[in-house]
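Here's the structure, in structure tokens; my notes come after.
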Amino acid sequence: MDVGGNGGGLIVNKQRAMIPNKSRGEFVRNQRKDSEGFSESPDLEFEYADTDKWSAELSELYSYTEGPEFLLNRKCFEEEFRTHVSDKKWTELDMAQHRAHAMRLLDGLEVITREKRLKVSRAILYMVQGTFAECSSEAEVQHWMRYNIFLLLDVGTFTALVELLNMEVDNSAACSSAVRKPAISLADSTDLRVLLNIMYLMVVTIQLEDPADSAEWRASRETFKTELGSPLYNNEPISVMLFGMVTKFCSGHAPHFPMKKVLMLLWKSILFTLGGFEQLQNIKVRKREELRLPPLPEDSIRVIRSMRAASPPASASDLIEQQQKRARREHKSLIKQDNLDAFNEKDPYKSDDPREDEDDNDDNDNSMEAEPFPMERDEVMPPPILHPPSERVNFPKGLPWAPKVREKDIEHFLESSRSKFIGYTLGNDTDTVVGLPRPIHESIRTLKQHKYISIAEIQIAKEDEFQKTPLSGGEEDVEMCSTELLYQGILPSLPQYMIALLKILLAAAPTSKAKTDSINILADVLPEEMPTTVLQSMKLGVDVNRHKEIIVKAISAILLLLLKHFKLNHVYQFEYMAQHLVFANCIPLILKFFNQNIISYITAKNSISVLDFPYCVVHELPELTAESLEAGDNNQFCWRNLFSCINLLRILNKLTKWKHSRTMMLVVFKSAPILKRALKVKQAMMQLYVLKLLKVQTKYLGRQWRKSNMKTMSAIYQKVRHRLNDDWAYGNDLDARPWDFQAEECALRANIERFNSRRYDNNQRNPDFLPVDNCLQSVLGQSVDLPEDFQMNYDLWLEREVFSKPISWEELLQ
């Protein structure tokens, strides 16, 4: 293309002459975009779910360094198989023979010799991996995986594995050896890795429901789910044991623990026993029915899935040209929205990160090309993204969310109206409207139509009642569900568990610098001998990055699932966990995580598809080259990284919602520019949670920020739920005044401690409320066990304490 020559300019001029004035601006814009290689990025075709595809979740269990162990597992199985069975293949035997061999392997786990136990464990792992040597396709491997796993579950393998894992965790010799080693590698955790691999594959495969499953398998699944969430293993749920491994690893006493596998098994165990996001929605609906609350205004999962992403921010070069073009305009009679966005003042909340200088224009932007408002959608601008007909959503005219109002908001509105028009207040009365003007009556009626009472409000009110009337309040009926059992299990050490998870998250974050005092999370990915060629180094580099991404994915999912389940079970269980996350600096940690090139993180290609299980055990592996490693896969984005980002944003929302002191932490840590960069990811769900976080702090960012970010404000208006009477877009809220943040957290902490003490601490009952025996005969008639030394010296005690002390009976009787 002749950019600088006259010929090119002549062609453009001729083309422009043929275009009507109305569309000439659009033509110039398209020409500029084409010449710069800038084009509208498509929506990311990402569907948020509890997990990725089953095959992806299987492959992420193994690091690429573990590749040679697949053949070792096969060799161990075949040696055991040939000893007891004829030359037939495993796939050719009948069910009785399969069961008999599984029982033999289970007996082999109980031998004393460690080498023999490891060999049998590897044979079982090969069975769980689908006896892949006898399969010709991935589908066949997955079929035999399911069959073998349900067979092993039926003969009681999982219980034996938990006992072995307990024994390995308590193996002090291995721990002390690992502590003394200068460099820990894959070989130090062999026994643990084999056991965790089997347990993970069993949990993930049994959890997966298939319509073709037999009634026997369905019953086994339900039984296993109940056992996994009950304190049957070592008198605690298996999740509590895994949490203990996490804290032991972070304390430095067991640096050889394969932490990625522990975290993945912990995540899948919590997901299986407590339930995923669909089950959470069902529990919420059921609980609201039990409390006789109105049904939910909409299904949040369905609404979010139907939302369309807003356009990403314009590039810096586009904005500069746009501003120059506007400066040349002579007519200024009509100020449009775009002109408001052209202000380019420096964001007062920008940090000193040099990367943010590149985004100066973005931060004062045109930050989001928001969708047109609902009234304009049809007439002004058609949607820029054309979805395939099968995925087209009939979006309702209007806003996606029904507005909500809290009882507190109605009270506040009535109190301010009464003090303004009448001159006195009535406390918590929300019914008396005498003396108020008719428009106020209509406002109150509208507010009450949209009043939303949450389950948390009912739980708080009930807890207050229990605290006020400990005697007449009666016994609380606590449903001993899996969530309640898990909370009781982790309650004594919950602060340590949260700190440990955040330490590992910090070490795995891509923005973290390598420090001498940080924990080593690469123990189960580094080989014994470090790479010697460029190709090996590249492969290990991909493996290490992938390893860190999977750890972030598992921790973000664990924290979000626990927060959501605890909030539904009892709000103070949620508040206890959330407060300890805040105390452990979770908010700045998540902001630090997002303070990177988030587009690069989401589109990272840290995977080698030909080495993923089960592909690598069925197909002939091609020769790896540096070019093929650099190219990566053809996916538009990395599912696990986008999943992690959304989870972390949801956690941040959970921690800061309705908490003024924590919202101010977002402002203090200058989160606005960091969060706005995340809006560049063209995925509706991620954008929604970013906009929610921007909405809660908008009123504190100053008028200039709001004026410079009008399109972000418009996007918030369109996509985030409205709270009537919430003047989030203005800075005149009473809460904007200085606030005693410490008092707010201390009051919450006192409520949490009272709840935990009342419900779980039987030793700390208030002695004033214990029943008292007032009958003289029964008190004197009680048999008291006196210590032996007291009985021997009873005469001396009588002489010293009774006979030798004068008693003034008159004073005693008075």
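Quick check: residue separation of Leu776 and Glu216 times 0.36 nm, minus the Cα distance between them. What number comes out in nm?
Numbers: separation 560, 0.36 × 560 = 201.60 nm, distance 6.29 nm.
Full extension from Leu776 to Glu216 adds 195.3 nm.
Once you put a point 7 Å from the Cα of Leu629 and another 7 Å from the Cα of Ile453, both along the Cβ direction, what distance in nm separates them?
6.3
Scan around Leu724 for amide H atoms under 5 Å from its own, H built in the peptide plane at 1.01 Å from N, and keep only partners 5 or more places away or cross-chain.
Sorted by chain and number, the residues that satisfy this are Lys404.
Starting at the first residue of region 545-559, write each ³J(HN,Hα) from the Karplus equation 6.51 cos²θ - 1.76 cosθ + 1.60 with θ = phi - 60°, in whole Hz, x for Gly and Pro.
Going residue by residue, I get 4, 4, 4, 5, 4, 5, 5, 4, 4, 5, 5, 4, 5, 4, 4 Hz, with x marking Gly and Pro.
What list of ³J(HN,Hα) couplings, whole Hz, do you get for region 190-204 from phi and the Karplus terms 6.51, -1.76, 1.60, once you set θ to phi - 60° and write x for glycine and proline?
With coefficients 6.51, -1.76 and 1.60, one gets 4, 4, 5, 5, 4, 5, 5, 4, 4, 5, 5, 4, 5, 4, 5 Hz.
How much length would be gained if the chain were fully extended between Met103 and Phe583, taking 0.36 nm per residue of separation minus their Cα-Cα distance, in nm to one decimal? Provide the component values of the computation, followed by the final result.
Numbers: separation 480, 0.36 × 480 = 172.80 nm, distance 4.93 nm.
Extending this stretch completely gives an extra 167.9 nm.
Once a ≥ b ≥ c are taken as the square roots of the eigenvalues of the Cα gyration tensor of region 556-668, is the result rounded (a/c under 1.5), prolate (a/b larger than b/c) or oblate (a/b not larger than b/c)?
Because a/c hits 1.5 or more and a/b exceeds b/c, region 556-668 counts as prolate.
Please compute the length gained on full extension between Gln704 and Glu475, using 0.36 nm multiplied by the number of residues separating them and subtracting their Cα-Cα distance.
76.9 nm
Compare the peptides 256-269, 160-173, 651-664 by average per-residue count of other Cβ atoms within 10 angstrom and give them in order, highest first.
256-269, 651-664, 160-173
Packing-wise, with mean Cβ within 10 Å as the measure, how do 215-223, 200-208, 670-678 rank, highest first? Spell out each step's value before the answer.
Numbers: 215-223: 12.8, 200-208: 21.4, 670-678: 23.3.
Top of the packing list down: 670-678, 200-208, 215-223.
Report, by chain and number, residues whose modeled amide H sits under 5 Å from the one on Asp50, excluding near sequence neighbours (fewer than 5 apart, same chain).
Sorted by chain and number, the residues that satisfy this are Phe277.
Set the Förster radius R0 to 35 Å, insert the Cβ-Cβ distance between Glu92 and Thr113 as r into 1/(1 + (r/R0)^6), and round the FRET efficiency to 0.05. List each step's numbers first, then the result.
On the way: r = 31 Å, r/R0 = 0.89.
Step by step, r from the Cβ atoms, then E = 0.65.
Work through the residues other than Arg221 whose Cβ is under 13 Å from its Cβ and net out their charges, Lys, Arg +1 and Asp, Glu -1. Write down the numbers at each step before the final one.
Numbers: positive: Arg146, Arg218, Lys225; negative: Asp154, Glu209, Asp210, Asp213, Glu216, Glu222, Glu227.
Charge balance near Arg221 sits at -4.
Taking the simple approach of a point 7 Å from Cα along Cα-to-Cβ for both Asn793 and Ala187, what is their distance in nm?
For Asn793 paired with Ala187, the spin-label model returns 6.3 nm.
Out of the total accessible area of region 609-714 (probe 1.4 Å, heavy atoms of protein only), what percent is carbon and sulfur?
Values: 1830 of 3610 Å².
For region 609-714, the apolar C and S fraction of the accessible surface comes to 51 percent.
Return the FRET efficiency for the residue pair Lys468, Glu278: r is the Cβ-Cβ distance, R0 is 56 Å, and the value is rounded to the nearest 0.05.
Values: r = 38 Å, r/R0 = 0.68.
That gives a FRET efficiency of 0.90.
On a 31 Å Cα-Cα criterion, which of the cross-link pairs Lys468/Lys659; Lys605/Lys657; Lys119/Lys261 come out too long?
Lys605/Lys657
Go ahead and run the numbers for FRET between Ser804 and Asp761, Cβ-Cβ distance against an R0 of 35 Å, rounding to 0.05.
Numbers: r = 43 Å, r/R0 = 1.24.
With R0 = 35 Å, the Cβ-Cβ based efficiency is 0.20.
The values are calculated or read from the model by the stated rules, or taken from the named source; none is laboratory data. Quick caveat, the model's predicted, so the values are computed rather than measured. Here Cβ is always computed from backbone atoms with ideal geometry, including for glycine, and neighbour counts include all displayed protein chains. These accessible areas exclude ligands, DNA and RNA; they are computed on the full protein's heavy atoms, side chains included. Shrake-Rupley method; radii C 1.70, N 1.55, O 1.52, S 1.80 Å.
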